[in-house]
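Only the coordinates and a few stated rules stand behind these numbers; no lab work does. Since the structure is predicted, the reported quantities are computational estimates derived from the model, not experimental observations. Cβ coordinates were reconstructed from backbone atoms using ideal geometry, including for glycine residues, and neighbour counts include every protein chain displayed.
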Amino acid sequence: MSEFSSEEIDMLTSKGGLKKLLEKDHPSIKKVLKDLKYEEELEALQVELVKLQHWVKEQNKRVCIIFEGRDAAGKGGSIQRFTDNLPPRDIQIVALPKPTEIEQGQWYFQRYTQHLPNPGEIVFFDRSWYNRAVVEPVMGFCTEVQYKRFMRQVPEFEHMLYEDGIILIKFWFDITKEEQQERFADRRKSLLKQWKISPVDEKAQTLWNAYTEYKDKMMLGTHTSYSPWIIVEANSKKKARLESIRYVLAQIDYKGKSKKIDLSPDPKIVMRYGG
């Protein structure tokens, strides 16, 4: 009797399955099956994301999704899976560079407000105003006065967004120190990934405890009923991608939501801060 079910055999003999089996140095059939199941699940969730975007546009809703987390936690890769099949005109991916001299003299939130979603739009922030909560104080890029002012103002700022009807979702992608070290090593080896290594990344391991301290302060001070922090355990990139998408789909009652797909995120992967 075969150790594989008829469904798994069908997956392996599909065009995509055969292609994976023929790839060089593929570790095992079980690994191929795991990849195929991930891709099948991801595609189903991406179909739901397209429905969500259509609803957002039809209803003139505004959705803002923040991706924060440790360096190399997989924020960018997750955003890519969210947006792969969404119409470019109806979304924004915001990854702001170092502030200019003029921006440094502005109200801190000013350069972010211009990227907030317009009616019918979903905006994905690959890092956000929360730079000032963790990275900037750890790296010495802001003063103590600026940090404390930010921590006072951010709940008020987000409450204004909430009152104005913006749907705000805040993800924190979390990985272990060991996993981060492995991902940094992988980036250094790959010519396609070396560009991701920055001076800030280089210090992430030695400043791990400082990052943890400020991350904990951020969670405690900015987690609210109207703007909660959602923790994503991201040691497994694929699980983090699937479950974060599932969480967003579960939060919004969009038209045509499938009843055939489980949209309840795994509580071991996605959890609200504080339980």
### Message
List the residues, sorted by chain then number, that are 5 or more residues from PHE125 or on another chain and whose placed amide H is less than 5 Å from its amide H.
### Response
ILE65, ILE66, PHE67, VAL94
### Task
Estimate the FRET efficiency between THR113 and LYS31 by the formula 1/(1 + (r/R0)^6), using the beta-carbon distance for r and 51 Å for R0, to the nearest 0.05.
0.65
#### Entry: Packing-based ranking, highest mean first, of 78-86, 124-132, 53-61 given that Cβ atoms within 10 Å are counted
124-132, 78-86, 53-61
## Note on the structure
Among GLY165, GLY69, GLY140, the residue with the largest mean-square fluctuation in a Gaussian network model of the chain built from Cα contacts under 10 Å is GLY140
### Message
Cβ neighbours within 10 Å, averaged per peptide: list 179-185, 87-93 in order, most packed at the top.
### Response
179-185, 87-93
### Task
Provide the packing ranking of 254-263, 109-118, 225-234, i.e. peptides ordered by the mean count of other C-beta atoms within 10 Å per residue, highest first.
225-234, 109-118, 254-263
### Query
If you add up the charges near ASP90, with Lys and Arg at +1 and Asp and Glu at -1, over every other residue whose beta carbon is less than 12 angstrom from its beta carbon, what do you get?
+2
### Message
A 32 angstrom limit on the alpha carbon distance is what I want to check against. Which of LYS189/LYS260; LYS31/LYS61; LYS61/LYS203; LYS61/LYS260 exceed it?
### Response
LYS189/LYS260; LYS31/LYS61; LYS61/LYS203
### Query
Tell me, what ³J(HN,Hα) does each residue in region 200-214 have, in order and in whole Hz, if you take phi through Karplus 6.51 cos²θ - 1.76 cosθ + 1.60 with θ = phi - 60° and put x for Gly and Pro?
5, 4, 4, 9, 4, 6, 5, 9, 3, 5, 5, 4, 4, 4, 6
### Task
Report the far tail of the P(r) of region 200-275, meaning the percent of Cα-Cα pairs longer than 16 Å.
62 percent
### Task
For LYS189 paired with THR176, estimate the spin-label separation in nm (one decimal), with each label point 7 Å from Cα along the Cα-to-Cβ line.
1.9 nm
### Task
Treating the Cα atoms of the chain as identical point scatterers in vacuum, please give the log10 of the normalised Debye intensity I(q)/I(0) at q = 0.07, 0.15 Å⁻¹, two decimals.
-0.29, -1.24
### Query
How far apart, in nm, are the 7 Å Cα→Cβ label points at GLU163 and GLU43?
4.7 nm
## Note on the structure
So for R0 = 22 Å, FRET eff. of VAL50-ASP126 from the Cβ-Cβ r, to 0.05, ends up at 0.60
### Task
Step through the residues of region 94-110 one at a time and calculate ³J(HN,Hα) from phi using the Karplus curve (6.51 cos²θ - 1.76 cosθ + 1.60, θ = phi - 60°), rounding each to whole Hz and writing x for Gly and Pro.
10, 9, 6, x, 3, x, 6, 4, 5, 5, 5, x, 8, 4, 3, 7, 4
### Query
With the contact rule set at Cα under 8 Å and sequence spacing of 6 or more, what percent relative contact order holds for region 60-272?
27 percent
### region 137-275: C-alpha gyration tensor shape, a/c 1.5 cut-off, then a/b vs b/c
oblate
